[in-house]
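The values are calculated or read from the model by the stated rules, or taken from the named source; none is laboratory data. The model shown is predicted, which means the values in this text are computed figures rather than measured ones. Every residue, glycine as well, gets a Cβ built from its backbone with ideal geometry; the counts of neighbours run over all protein chains shown.
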Ligand code: TXA
Ligand code: MG
């Protein structure tokens, strides 16, 4: 298949209308979209990414009125969150309508819904005229793409179109919370922090799958975010034993000879650059990447969740 690269949201939307699959920019990471009501197109999304078929997709909407097309009901808490955080980097798990094909949610009765704040994402979803399902636009297990070139690297020849846009502002995926349970559960950390959510839902709890339990967010059990290079955790001023193909990302300038270094100005900057740094290391034959640990609150907690998963 030939992959067309465009900066026209209308050209990109035409592929969706014809049942195709299209990568597009969002403020978190790039997504790979299909019409939520087209089961065949959704199957092609799973195929293009080599995504395990038990991992549900997130619905992306352009305006609040689209929620009633895909969700059975909107609990009061969800309404509060819509008002406060939509559009934004927050995915809210609701009970799904029967019109949404089971393949979209890997058979679950619930559906994650998100309204991206990125202008180009919003114009693209609007032009499609339907809600879109969109996982991150990478081969499953690899670091999520934050540039259109990273999408191209993984998916050229496997998808119909790439809608070009800017580098993703946050660089890590949306926060996922499930409001179908009492108390509501934080399933994945992201740019909207737990501390911020607690201002509106004090009872929200971070979900930790117990050993041997099937995780509530099926994506949590899969290998994720991993470059080919080995990822290792490091503390500031650790005495690291490095080889000639080692790389470092963090805040503290290390006193060892690394082939590649990224010094971040803040947790936000670290998060925005992490996945692209991983990819750049793979492009240049790095075999181990030391990631300096950060304090686990705010976006730092979301960042550490990604780094820890990548290091497994
Ligand atoms: O920022 C994002 O959310 C990006 C952009 C493209 O919007 N999308 C994204 O999708 O990260 P994906 O498929 O890579 O991750 C979706 C995560 C998975 O961990 C999945 O298990 C969880 O959300 N998820 C989706 N639907 C769910 C549901 N109904 N219940 C529980 N977890 C769900
Ligand atoms: Mg993903």
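Numbers at a glance
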quantity: Scan of the range 97-116 for residues that are away from ligand 2 (no atom under 16 Å from the Cβ), surrounded by 22 or more Cβ atoms within 10 Å (Cβ to Cβ) and not in a loop (DSSP other than H, G, I, E, B), ordered by number; calculated: 111, 113
quantity: Cβ pairs under 7 Å, 6+ apart, first in the range 54-75 and more than 24 Å from residue 23 (Cα to Cα), second assigned to a helix (DSSP H, G or I) and within 15 Å of ligand 1 (Cβ to nearest atom); calculated: 74/67
quantity: Selection count, the range 144-178, where residues are farther than 30 Å from residue 200 by Cβ and within 16 Å of ligand 2 (Cβ to nearest atom); calculated: 9
quantity: Residues within the range 158-198 that are more than 20 Å from residue 272 (Cβ to Cβ), touching a helix residue (DSSP H, G or I) at 6+ places or on another chain (Cβ under 9 Å) and away from ligand 1 (no atom under 15 Å from the Cβ), tallied; calculated: 4
quantity: Single residue of 257, 301 found to be surrounded by fewer than 20 Cβ atoms within 10 Å (Cβ to Cβ) and part of a helix (DSSP H, G or I); calculated: 301
quantity: The range 141-153 - residue that is crowded, with 18+ Cβ neighbours inside 10 Å and in contact with a helix residue (DSSP H, G or I) (Cβ under 8 Å, 6 or more places away or on another chain) and, of those, farthest from residue 28 (Cα to Cα); calculated: 142
quantity: Test: residue 250 is surrounded by 15 or more Cβ atoms within 10 Å (Cβ to Cβ) and modelled with pLDDT of 95 or more; calculated: yes
quantity: Residue 262 vs. criteria in contact (Cβ under 8 Å) with a residue 12 or more places away in the chain, closer than 19 Å to residue 171 by Cα and more than 20 Å from the chain's Cα centre (by Cα); calculated: yes
quantity: Residue selected from the range 175-208 under the condition touching a residue at least 40 places away in the same chain (Cβ under 8 Å) and in a strand (DSSP E or B), by the criterion surrounded by the most Cβ atoms within 10 Å (Cβ to Cβ); calculated: 177
quantity: Test: residue in the range 34-43 that is within 11 Å of ligand 2 (Cβ to nearest atom) and assigned to a loop (DSSP other than H, G, I, E, B); calculated: no
quantity: Residues (within 23 Å of the chain's Cα centre (by Cα), modelled with pLDDT of 85 or more and within 25 Å of residue 279 (Cβ to Cβ)) located in the range 200-247; calculated: 226, 227, 228, 229, 230, 231, 232, 233
